[in-house]
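The values are calculated or read from the model by the stated rules, or taken from the named source; none is laboratory data. Not measured: the values here are computed from a predicted model. So basically every Cβ, Gly included, is an ideal-geometry build from the backbone, and we count neighbours across all protein chains shown.
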Amino acid sequence: MADRTSPVDDDEALAFHKDPVPGKLGMMATKPMATQRDLSLAYSPGVAAPVKAIAADPDKVYDYTSKGNMVAVVSNGTAILGLGDLGPAASKPVMEGKAVLFKRFADIDAVDIEIEENDPAAFVECVARFGNSFGGINLEDIKGPDCFIIEQLLRERLDIPVFHDDQHGTAIISAAGIINACEITGRDIADLKVVVNGAGAAGIAVLELLKAMGVRAENAILCDSKGTIWQGREEGMNQWKAAHAAPTDARSLAEALEGADCFLGLSIAGAVDEAMVRSMASQPIIFAMANPEPEIRPEAVRKIRNDAIIATGRSDYPNQVNNVLGFPYIFRGALDVRARTISEDMKIAAANALAALAREDVPDEVSAAYHGQRPVFGKDYIIPSPFDPRLISWVPPQVAKAAVDSGVARKPISDMGGYKAALARRLDPTAALLQRIQGAVAGKGRRIVFAEGEEPAVIRAAYAFQNQELGEAVLVGREEQTKANMRLVGVPEDSLRIVNARLSKRNRHYTDYLYARLQREGYLKRDVQRLVNNDRNVFSACMVKLGDADGMVTGVTRNYDAALQDVLSVLAPAQDRRVIGMSIALTRNRTLFIADTNVTEFPEAEQLADIACEAALTVRQLGFDPRVAFLSYSTFGNPAGQRSEKIQMAVKLLDARGVDFQYEGEMAADVALDPGHRVLYPFSRLTKPANVLIMPAIHSASIATKLLRAGGGATVLGPMLLGTEKPVQIARLGATVSEIVTLAAIAAYDFSPEGEAERTAAQ
């Protein structure tokens, strides 16, 4: 596999860490500090209330402070990466990086603390005196065997999770890979013959975890630089090595590997040669994890064994054992149940969760991380990608459950489904909205037509849509071509219904309907027949119109306008509705609905009023209270202009209609979104900042949504197509699988009057 990393030179790395400000960490207040009252609540006198509450009940510290989401990353710099003992100051860039990863992958606040102390007892005393100020302690880059002593003593003294990632993180990720390697090779872990080379912190931790998961002691051999650690050996031994002394006659790594099923290397480059690999059992599992150079290169293994499963610690080979898959999510689960420690059961739960995720179909984010290659569970993909967005809602729940089951949790989670949803929302602002939509359609059996059914991305989206029980997916396409592409992307051929437009038994009925609709617009019947036979958008829209499907998704291979015209040739606007496009921009703090984004280029006053009504109705159907702002370059007549006059007229039209939502305009965007705008404009009808933004023209809507996405860091969904008599959604050209699935769920949600009536009746 090609190198998936970009080369980094020292000058670039130094500049990255120095500019625009030194370091990688900052601090942001979680409460407003804008007024004198804010200061009074945050500090004196308001802070006295939580102080007294915590004094009365120490566990209240989790309710009134950041402790429950705060981890200390602690090191003395005695074993920095592969660089050695360079001291605490030199370790700070690494510890800052670790803290950044905690935030990026699990939304955990972390602080790096470097301690100038090499004596284990003194180090423990130092950490023990501040440790309980944090929700957990992540030990990092501490040399062995000091790391064993330090971790054990801190676990005994502190009532919070203490985790040495160099040991346990590596062990957990390795164990996940071993689980899947056993699955692929048909092995039972209880029968696995394992050789671990490297008797340091990571090697011993890996072996301990594998034994806890079922590997028998007599089948596990630990090696160091002097050979195997066998029962009775005295040279170079310590208590941690002695605990894993094996009853074996093998005295060297080469002898230990004869007939072995699995090799795990946490040692040095070149420790394994081709002869050793040849001597292993069939389908050997080889984890060569020495960094930066593995014990043996994967290409050297493949030269002599094409049946091997290989993993390394490097990102430029498949199956990277990357600790970022472990520690953020383990701590996330531990913190959320206020665990007192991280038990063996929690580590095993994390390993099993990671192994299970690797067996799932990967999302587009993972494919992008692999430069467009889409990994599939197998020899070259047994460990999930660190960029899989599902990790946050996949691993922590299993860790949290294991904490509760093993009796180390202070705060059990009663609603695991709600917890998973909350986890997804921590890093993905779209999650809450999508969960609402998907929850409403799940199990309803809506039939959604995927018009471009031959496209690989569409096939995968349809399969995901159906697998998530969001509805029944129907692919429109030629059977042979569609099935060939299903095989190509790993979707079972019989899993999805395929409809060929040209061969459909419903073709005549669709033609009759469409001819009746278009005959006075210059179409002959044969023209209509040709459209039904050859245009998949037209055919799919007919399916929806005549009740053979409940909704439709298209747009991946054609531009939006062309797809829209196809659809509107078949479907009319719903009664008393206007067809519009509406995009949803989501940030962590705000959800904005923007219309019209795709249909009416330069709306007049009445059209603007209709757009506002259509958008407000949909926003209310999604569970939000619409507050509509008509945006302009001017605010309430200043400066005056022809374009603002149209908006003023639209507001007057809404006044006459007596609508049941808040609206105001014309107004500039910053005024509409300012919670204090009523100070300057006390007559404003908006009681809170606007959440529905009506744009004066499509070009301004397009500019705004793209700026929000590219410059403002917002996640933009859509545009959604609203106001048609039947549910249709049009994706952007080249849309990702996740985008197509989202639009299919929106189509299944059905914003039509019938869909709304059905949801109301169900309530």
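Just a few scattered comments:
- As a summary of the residue check, residue 35 satisfies the conditions (1) over 31 Å from the mean Cα position of the chain (by Cα); (2) surrounded by 10 or more Cβ atoms within 10 Å (Cβ to Cβ); (3) more than 22 Å from residue 109 (Cα to Cα) except for the one numbered (2).
- Filter pass, residue 359 being in contact with a Gly (Cβ under 9 Å, 6 or more places away or on another chain), within 30 Å of residue 185 (Cβ to Cβ) and not β-branched (Val, Ile, Thr): no
- Test result for residue 603, in a loop (DSSP other than H, G, I, E, B), surrounded by 19 or more Cβ atoms within 10 Å (Cβ to Cβ) and either free of Cβ contacts under 8 Å to residues at least 12 places away in the same chain or at negative phi (or both): yes
- Just one of the numbered conditions (1) closer than 30 Å to residue 450 by Cα; (2) surrounded by fewer than 17 Cβ atoms within 10 Å (Cβ to Cβ); (3) in contact (Cβ under 8 Å) with a residue 60 or more places away in the chain is not true of residue 728: (2).
- Count of residues meeting criterion [hydrophobic (A, V, I, L, M, F, W, C) and not in a strand (DSSP E or B)] in region 256-270: 6
- Among the residues listed as 374, 436, the single one being basic (Lys, Arg), out of contact with any Cys (no Cβ under 6 Å at 6 or more places or on another chain) and assigned to a loop (DSSP other than H, G, I, E, B): 374
- Any hit, region 351-365, residues being in contact with a Lys or Arg (Cβ under 9 Å, 6 or more places away or on another chain) and of a type in the set (Val, Ile, Thr): yes
- Residue within region 512-532 that is part of a helix (DSSP H, G or I), within 17 Å of residue 452 (Cα to Cα) and free of Cβ contacts under 8 Å to residues at least 60 places away in the same chain present: yes
- Unmet criterion (only one of (1) touching a strand residue (DSSP E or B) at 6+ places or on another chain (Cβ under 7 Å); (2) surrounded by fewer than 24 Cβ atoms within 10 Å (Cβ to Cβ); (3) not charged (D, E, K, R)) for residue 197: (2)
- Test: residue 432 is surrounded by 22 or more Cβ atoms within 10 Å (Cβ to Cβ) and among the small types (Gly, Ala, Ser): no
- Among residues of region 453-466, those that are in contact (Cβ under 8 Å) with a residue 40 or more places away in the chain and surrounded by fewer than 24 Cβ atoms within 10 Å (Cβ to Cβ), counted: 4
- Residue within region 289-296 that is within 20 Å of residue 383 (Cβ to Cβ), in contact with a strand residue (DSSP E or B) (Cβ under 9 Å, 6 or more places away or on another chain) and surrounded by fewer than 23 Cβ atoms within 10 Å (Cβ to Cβ) present: yes
- The helices (runs of 4 or more DSSP H) found wholly in region 1-107 and carrying at least 1 residues that are at pLDDT below 95 and closer than 24 Å to residue 151 by Cα occupy 61-64, 88-106.
- Screening residue 638 on (1) modelled with pLDDT of 90 or more; (2) surrounded by fewer than 17 Cβ atoms within 10 Å (Cβ to Cβ) shows it passes everything except condition (1).
- Residue match in region 132-146 (condition: assigned to a helix (DSSP H, G or I) and of a type in the set (Phe, Trp, Tyr)): no
- Residue within region 115-125 that is modelled with pLDDT of 95 or more, touching a strand residue (DSSP E or B) at 6+ places or on another chain (Cβ under 7 Å) and buried (at least 18 other Cβ atoms within 10 Å of the Cβ) present: no
- Verdict on residue 704 being touching a residue at least 40 places away in the same chain (Cβ under 8 Å), on the phi < 0 side of the Ramachandran plot and touching an Asp or Glu at 6+ places or on another chain (Cβ under 8 Å): no
- Take the conditions (1) touching a helix residue (DSSP H, G or I) at 6+ places or on another chain (Cβ under 8 Å); (2) within 30 Å of residue 440 (Cα to Cα); (3) of a type outside the set (A, V, I, L, M); (4) outside any helix (DSSP H, G or I); residue 537 misses just one of them, which is (4).
- Check on residue 449, crowded, with 20+ Cβ neighbours inside 10 Å, within 28 Å of residue 496 (Cα to Cα) and either in contact with a Ser or Thr (Cβ under 9 Å, 6 or more places away or on another chain) or outside the structural domain of residue 585 (by TED's automatic domain parsing) (or both): yes
- Among (1) surrounded by 14 or more Cβ atoms within 10 Å (Cβ to Cβ); (2) farther than 24 Å from residue 127 by Cβ, the one test that residue 51 misses: (1)
- Any hit, region 473-487, residues being surrounded by fewer than 19 Cβ atoms within 10 Å (Cβ to Cβ), charged (D, E, K, R), more than 29 Å from residue 529 (Cβ to Cβ) and out of contact with any Lys or Arg (no Cβ under 9 Å at 6 or more places or on another chain): yes
- Residue match in region 641-659 (condition: among the basic types (Lys, Arg), at pLDDT below 95 and touching a Pro at 6+ places or on another chain (Cβ under 9 Å)): yes
- Residue 592, sole failed condition from (1) over 19 Å from residue 735 (Cα atoms); (2) in a helix (DSSP H, G or I): (2)
- Qualifying residue in region 701-724 (condition: more than 29 Å from residue 560 (Cβ to Cβ), of a type outside the set (Ser, Thr, Tyr) and under 34 Å from the mean Cα position of the chain (by Cα)): no
- Number of residues in region 511-522 that are farther than 14 Å from residue 543 by Cα and either in contact with a helix residue (DSSP H, G or I) (Cβ under 7 Å, 6 or more places away or on another chain) or of a type in the set (D, E, K, R) (or both) equals 5.
- In region 222-247, the residue that is nearest to the chain's Cα centre (by Cα) out of those that are surrounded by fewer than 17 Cβ atoms within 10 Å (Cβ to Cβ) and hydrophobic (A, V, I, L, M, F, W, C) is 243.
- Which listed residue is surrounded by fewer than 19 Cβ atoms within 10 Å (Cβ to Cβ) and more than 20 Å from residue 728 (Cα to Cα), from 508, 497, 517: 508
- Any chance residue 565 is part of a loop (DSSP other than H, G, I, E, B) and surrounded by fewer than 17 Cβ atoms within 10 Å (Cβ to Cβ): no
- Residue check for residue 219: over 24 Å from residue 152 (Cβ atoms), surrounded by fewer than 24 Cβ atoms within 10 Å (Cβ to Cβ) and within 35 Å of the chain's Cα centre (by Cα): no
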